[in-house]
1. For the structure I just gave you, tell me whether Leu254 is surrounded by 24 or more Cβ atoms within 10 Å (Cβ to Cβ) and in contact with a Leu (Cβ under 8 Å, 6 or more places away or on another chain).
2. Quickly run through region 58-103 and pick out the residues that are over 23 Å from Arg116 (Cα atoms), in contact with a strand residue (DSSP E or B) (Cβ under 9 Å, 6 or more places away or on another chain) and of a type in the set (S, T, N, Q).
3. For region 157-213, how many residues are in contact (Cβ under 8 Å) with a residue 40 or more places away in the chain and either assigned to a loop (DSSP other than H, G, I, E, B) or touching a Cys at 6+ places or on another chain (Cβ under 6 Å) (or both)?
4. Among strands (runs of 3 or more DSSP E) lying entirely in region 51-104, which contain 2 or more residues that are surrounded by fewer than 18 Cβ atoms within 10 Å (Cβ to Cβ) and of a type in the set (Asp, Glu)?
5. Test of understanding: among Tyr221, Tyr228, which residue is assigned to a loop (DSSP other than H, G, I, E, B) and at pLDDT 95 or above?
6. Would a scan of region 100-108 turn up a residue that is under 16 Å from Ile170 (Cβ atoms) and aliphatic (A, V, I, L, M)?
7. Filter region 373-409 down to the residues that are among the aromatic types (Phe, Trp, Tyr) and in contact with a strand residue (DSSP E or B) (Cβ under 6 Å, 6 or more places away or on another chain), then identify the one that is nearest to Tyr142 (Cα to Cα).
8. Just one of Arg292, Arg305, Arg311 is crowded, with 23+ Cβ neighbours inside 10 Å, more than 21 Å from Tyr401 (Cα to Cα) and among the basic types (Lys, Arg); which is it?
Amino acid sequence: MKRTLALLLAVLLCLCLAACQSEGSENSAPATDVGVSENTESLDSRQEDSNILVAYDPAQETVAQAAEILADTLSGDLWDVQNDTGLQADAYENVLLGFAADGDTLPQTIEGFLERHDFGARTIYPFVFSGEGDALSSANLYDAISQLQPGALLGGDVLLVSSNTTEEEICAWAEGLELNREEAAPETSSANTVATAAVTPQTQQVIYLWEEGNAPAQTEYTENNGGYSDDPDFRPYLTSYPVPEGTEIKGAVLICPGGAFQFRSDQPEGVDVAEALSALGYQSFVVDYRLRPYTQQEGALDLARAVRFVRAHAQEYGIQEQDIAVMGFSAGGILSGEMLLNFDGNVLPTTLDPDYQPDSLDEVSAGAAACGMIYSFYGRLSFGTTDVELLRSGDLPPTFYCYGTRDPFYDQFLANADVAEEAGVSVERLQLDGMPHGFGASGGWIPAYDQWLSEIFANN
């Protein structure tokens, strides 16, 4: 009996020790071991809190160390591209991409990663290992990335890291990107709409475009299944960027950031541009329009509403009511074209939504004196129109085309501009040699745009 009891106790003891050992092994996995399961579990728990992905090839130790610093500095999600399972690419607006380059060539691991995932309209910021004596070209690296991600935006200077790069230098580059910059949000009071708000031209305002419950729409959107940037309660709005005191006011510009109608690239294609143009004398406004699942037409009505607001308050903004321009980047330019072709002038939102209740602001014209197509075209997403009669029927204003020679849509820009000219549109072209898609406020195009727009307003 005693022998049997001893055997039973021994078995129980072994079972307990095994369970504890198993539990201990699960909890003691090193934090630096980024395997497939850790990638998946980490992102599942943090995706809601971060719009920044730090994806890196761990083959080069310096790159891996830089990736950890960047993820920690920016509160981003860390992702090992060699163990690439379960990534939800559409959860991110910004992608920091780390690798060791062979000259200006991408490693196969990075090429495969970019081929497997769609980062269209996201902004990519490379950080690249460069050995001593290596001469890397940011333009060539961006070109290689752009070939695999033609719709992506490209985020300024590449961070070159070496064994001598300090943590402080990496952090300084990351902080300079301003990826976590908080945007101003509209006040939720019932008086804060373009139909009711008191205008303060000297100070920034963030104002809803439609009265709550009365935005013209065809799309029934009641639940976000995780595939959309905005929740159903999103209300489109505009943000003003006043001309600094003492600067001569030339007119007004309404800016539509791009983002493939999936999200709005507000910082590089909105805020940065608005600040630059306001310093030059343009009362500037960034329009946060509706995205998918809403249609291009619904977003165009948001822009038309913003134009009506600025025109209605032209005197307060110190401009002539005819001196209003619209412009957009990529999808934002397509949206501007949609508005000018179908919803400008005195076209009412009821043409799209018969249930919409017009107000006094709808009596104001939504016409614009000029259009800026910054790596964009008149047409639909990824398809510039070549219909001469369509453009002729739209009675389009003078249009400024700006594009880079390395843009995957380069040929479409040329064709669309040619068709616009054939339709009788006054076209100005600015070609940036060597520039890819998505350069935002960089590229040196703003002075040329300023000169062109100043002349148009002067001749109105």
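1. yes
2. Hits for region 58-103 are Thr62, Gln65, Ser75.
3. Qualifying residue count for the region: 19.
4. Fully inside region 51-104 and qualifying: nothing.
5. The match here is Tyr221.
6. The answer is yes, given that some residue of region 100-108 is under 16 Å from Ile170 (Cβ atoms) and aliphatic (A, V, I, L, M).
7. Result: Tyr375.
8. None of the others qualify; the one that does is Arg305.
The values are calculated or read from the model by the stated rules, or taken from the named source; none is laboratory data. Quick caveat: nothing in here was measured; it's all calculated off a predicted structure. Neighbour counts run over all protein chains shown; Cβ positions are idealised from the backbone, glycine included.
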